[in-house]
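Working notes, structure below.
Values in this text are rule-based calculations from the coordinates and carry no lab data. From a predicted model like this one, the values you see are computed outputs, not experimental measurements. Note that each Cβ is placed from the backbone with ideal geometry, even for glycine, and that neighbours are counted across all protein chains shown.
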Amino acid sequence: MPRHTFKLNGKRVHVNVPNDVHLLWVLRDVLGVNGPKYGCGLDVCKACTSHINGKAFNPCCVPVSKISADDEITTIEGLPDTVGKDLHPMQEAWLEMDVAQCGYCQPGQIMAAVAKVKEAKAAGREITDADLDDIRNICRCGTYHRIREAIQAGAKAM
Amino acid sequence: MTVMEPTRRRFIAYLVAAPTVVAAARWADASTGGGTAPSPIPSAPGAADTYDLNDLLTDSAKPTANMITVTMNKDGTASFALPRVESGQGITTSTAMIIAEELDLPVGKVRVTLADARPELMMNQFTAGSNTTISTYTPIRSAAAAAKQQMLLTAADELGVPVHRLTTHDGVVHAPDGRTMSYGVLAEKGAATTSREIDVTLKPVAQFKVVGQPHRRVDALEAVTGRKKYTLDHDVPGALPTMICRPPTIQGTPKKVHNLATVKGMPGITDVAMISNGVAVRGQTFGQCIEAVRALKVTWNPGTVDKDSDQTFLAELKAAELPMAPPPPGASVVDEAFTFYWKSNTALEPQTAIADVRKDGVTIWSSLQAPIFTQKQVADLLGFSTDQVKVHVTNSGGAFGRRMFSDVVLEACEASKKFGKPVKLMWHRTDEFRAGRMHPMCISHVRASYSGGSVLNFEQRHTSVATDWSMGFGEPITAGGASGPVAQSPIHGNYNYSQTVWNLTVNVPYNFGQVDHAIQEIRDYTVMKSGSVRNLYNADAAVARELVVDQLAKAMKIDPYAFRDAFLKDDASRSVLKAAAKAAKWGRSMRPGTAQGIAFHSEYHGRIACVAEIDARPSTINRKKRQAVTGPRVTRITIAVDVGLPINPKGIQAQMMGGAMDAIGQILTESLHLKDGYFLEGSWDDYYYTRQWNAPFDVNVIVMPATSESPGGVGEFPIAVTKSAVACALTRATDKLPSYFPINHLDPLPFEPFPTEPSIPPSPNDGLHRKGE
């Protein structure tokens with residue numbers, strides 16, 4: 001059985017799984033990291049959105065063999081540590097706006113939001129309605145409006 | 001608008017013999033809500049005006065609700081196991097608020113969990129029809145009041161102070177001399193040694209400090225940190241990932257598996273077996289199950305609609321419509337029919353269940369709207385008695401009517417039994433669209449006649465593919481039929497359930513003279529895997545009604561708001577309509593290609609109005625997004641809602657906003673296409689539920705001040721009215737009345753359907769190349 005190693009939420013992990021198993025299942029079924037959710041397995045719903053080296057990606061469509069030893073994977077569980085706090089400012093904004101309903105999509109939404117704001121900041125600009133329209137994450141409860149408000153608020157605190 | 005006089009009725013409750021204070025309560029009476037410029041002709045109240053589906057659900061629950069108990073704990077907290085499922089609608093938060101209010105305890109010290117299936121509760125464990133708070137409000141308060149009363153009596157005894165001189169605040173009893181006793185101490189000291197009946201008085205509404213104030217969700221922190229547990233997140237020893245290889249057409253069945261041994265030998269796979277609906281595979285990871293499902297070679301028996309497509313059902317629906325009476329001689333007529341195509345009620349969390357079938361019983365973990373019904377079905381399937389079936393109800397990642405059925409639990413039980421091992425069964429997204437339940441396709445035909453300033457009559461004929469009501473409406477209706485107004489119409493078979501649900505939900509809130517509406521169904525309810533979306537029949541029927549209201553207003557040359565204001569039956573309704581119109585600046589000047597639309601609806605013991613603004617200009621319609629439907633954009637939604645007594649205004653606003661997103665999708669973008677026995681959709685990029693690029697920039701929800709001492713329903717309430725307002729706005733923006741919904745259903749298919757065999761599409765491998773999207 002091939003052995004894979006990478007950094008997950010700040011810690012080095014080793015797993016023995018076949019090369020073609022997608023990272024989402026390595027995280028959930030092998031490592032017990034349940035923050036990233038399954039919603040489609042097709043890179044469509046974005047419920048599993050996490051970060052690889054600080055950028056948003058969807059582990060449901062990345063075979064574990066494509067993750068290298070020096071890649072840093074961050075899931076919702078590791079997000080607060082990236083800012084050295086109990087909660088990331090985006091999570092605080094989410095609480096402030098009482099965004100969540102069923103909550104299932106929310107880890108992915110928050111991870112997508114953080115990456116989106118970082119991208120805009122790196123380009124030296126504010127988050128726009130066009131940026132928000134580009135977010136593909138499904139929220140079946142329909143919290144889209146509060147998500148938009150929370151991202152604007154979270155961006156100011158990031 | 002009148003607020004009812006505060007009442008101090010006495011309620012009966014029970015003290016339960018237990019190590020700490022435990023109080024129980026039975027049902028009290030639930031009150032029902034009630035229901036004129038131009039010269040409206042008063043319409044007689046319809047069945048739904050005086051006794052609606054919520055009254056039926058509430059009455060059905062009465063005899064057994066005394067099982068509801070509030071427990072005081074030694075740490076000063078209160079606990080309550082809610083016999084309902086939390087699906088994002090916020091009932092754990094509102095229930096904690098209700099208990100906190102009655103106990104004078106901070107909301108943070110009330111722990112609300114979800115009760116296991118409790119068959120003794122009969123129908124009092126059915127999460128549907130926006131009925132949770134309507135039916136549980138008074139019993140939960142009674143139990144909490146009994147617990148508080150017992151702690152007060154105990155404190156009076158301990159402190160030697162008459163009970164009427166004691167006060168309570170934040171979980172502490174205060175004596176006039178400054179001495180205090182905490183609820184934690186009193187919980188133990190006040191424990192009853194024998195169970196007995198007691199009288200309690202509920203806190204007057206005028207003294208409410210928590211109920212009626214906005215409160216954030218009690219589970220918000222868990223949700224934003226990823227710690228909130230859904231079915232798949234439960235770690236049950238030995239319960240390995242399991243998935244199903246499914247037939248290529250709806251309700252097909254497996255005939256023969258050709259490569260069972262080969263697939264069983266695939267990496268990570270532990271078990272493969274044929275079950276009723278397909279072939280189950282169990283393995284170390286879901287990813288390996290997907291590969292195994294894709295590798296299976298299976299011969300299938302046909303399904304139930306292999307020769308059917310949208311067109312065959314459409315023709316059948318048209319032919320089945322019940323006749324209408326001829327319009328009055330000399331009157332002018334508005335006559336319109338609208339087709340509503342199939343809608344998926346899938347949630348984001350797919351169907352999931354953990355099942356551990358043993359020789360002497362089974363344990364199940366699943367998110368279920370009707371767990372008692374599921375328990376009975378599982379017992380029947382496995383040949384167990386119901387007490388051998390333990391059902392743990394888990395948080396759901398959305399329900400929307402889909403979790404009223406037991407499909408995934410029955411599959412998990414069958415697989416676990418075959419394998420002799422526990423299973424953690426999950427449906428693939430593609431299963432959800434192709435093998436899951438759908439809201440049936442229907443045609444709603446409305447004919448109204450008018451003369452001078454009066455609407456003389458209003459007829460509606462709704463013809464639908466049959467809806468499956470077997471999940472539990474059967475029980476309350478049968479039970480309610482014994483005592484409620486439905487007693488006159490004996491209930492036999494699904495068709496009569498449909499008639500009853502129709503009659504108890506569909507109404508015309510306007511003075512339109514002679515009103516007559518009826519439903520007709522085609523096919524047996526088992527032919528399609530049917531089920532309702534949020535708001536049942538009114539999700540379509542009310543839209544047809546409101547579109548025709550706009551057409552009447554246009555024909556009679558009256559503004560749509562002024563028309564509704566004139567024809568609504570009562571002032572309470574007019575207040576709500578006015579609140580929405582005012583906040584939305586109804587009638588403000590709009591650019592060509594954009595418009596406002598207004599609608600009104602009454603249901604769930606409440607009233608609701610919506611103003612939608614839509615942008616249907618070419619520059620908006622022709623926006624480009626990868627694998628998306630853009631089209632007209634709803635830019636602004638304003639809703640005013642009267643829910644009787646609002647419990648948590650913040651939660652109500654959330655439900656209205658969320659429902660508006662459902663509504664936008666159902667009018668503009670989302671539907672299933674049936675072709676040769678299967679649905680073409682297989683992913684969220686085929687099924688165009690509202691996405692950020694379709695979401696409004698501005699959503700404003702006004703929760704009206706209390707108009708009653710009793711709460712009404714919330715969860716389903718925004719659907720009909722928002723769909724109607726969006727459809728009316730679109731009609732006004734484009735000057736074209738749509739004849740079918742969603743409006744894109746007959747456009748060239750914007751996606752390439754996945755093959756039907758294998759039933760699960762391949763998992764993409766290129767996720768690192770799309771990062772940052």
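Values computed for the structure shown
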item: Nonlocal amide H pairs with B:Tyr740, under 5 Å, H built at 1.01 Å; result: B:Thr339
item: By average C-beta atoms within 10 angstrom, highest first, the peptides A:110-117, A:6-13; result: A:110-117, A:6-13
item: Shielding by other protein chains, A:129-138, mean Cβ within 10 Å; result: 5
item: Rg/Rg_globular for the protein assembly as shown, with Rg_globular taken as 2.2 N^0.38 Å and Rg from C-alpha atoms; result: 0.93
item: Built amide H within the under 5 Å cut-off of B:Ile522, gap 5+; result: B:Ser464, B:Val465, B:Ala466
item: Cα-centred dipole magnitude for the stretch A:6-139, charges only on beta-carbon of K, R (+1) and D, E (-1), debye, nearest 20; result: 360 debye
item: Part-to-part distance (alpha-carbon centres) for the stretch B:611-648 and the stretch B:368-397, which is given in Å; result: 39 Å
item: Interchain or long-range residues, amide H under 5 Å from B:Lys343's placed H; result: B:His439, B:Leu672
item: Efficiency of FRET from Cβ geometry, B:Met324 and B:Ala562, R₀ 25 Å, rounded to 0.05; result: 0.35
item: Order of B:Lys578, B:Lys675 under a 10 Å beta carbon neighbour criterion, fewest first; result: B:Lys675, B:Lys578
item: Protection proxy ranking, peptides B:207-213, B:349-355, B:754-760, average beta carbon neighbours within 10 Å, highest first; result: B:349-355, B:754-760, B:207-213
item: Residues B:Glu613, B:Glu158 arranged by fewest to most Cβ contacts within 10 Å; result: B:Glu158, B:Glu613
item: Potential lengthening between B:Asp360 and B:Arg227 on full extension [0.36 nm per residue; Cα-Cα distance subtracted]; result: 44.5 nm
item: For the stretch A:81-157: rounded, prolate or oblate by the Cα gyration tensor [a/c cutoff 1.5]; result: oblate
item: Ellipticity estimate at 222 nm from DSSP helix runs (n ≥ 4, -39,500 (n - 2.57)) divided over chain B, nearest 500; result: -9000 deg cm²/dmol
item: Vicinal HN-Hα couplings computed from phi for the stretch B:613-621 (Karplus, 6.51 cos²θ - 1.76 cosθ + 1.60; Hz; Gly/Pro x); result: 10, 10, 10, 10, 6, x, 5, 7, 4
item: DSSP bridge orientation in the protein assembly as shown - percent antiparallel, rounded to nearest 5; result: 75 percent
item: Helix-only mean residue ellipticity at 222 nm for chain A, each DSSP H run of n ≥ 4 adding -39500 (n - 2.57), per residue, nearest 500; result: -8500 deg cm²/dmol
item: Antiparallel bridges, percent of DSSP beta bridges restricted to the stretch B:59-214 (to nearest 5); result: 65 percent
item: Order of B:Thr132, A:Thr49, B:Thr734, B:Thr20 - criterion: other Cβ atoms within 10 Å of each residue's Cβ, fewest first; result: B:Thr734, B:Thr20, B:Thr132, A:Thr49
item: Cα Rg, Dmax (largest Cα-Cα span) when computed across the stretch B:236-375, Å; result: 22.9, 78
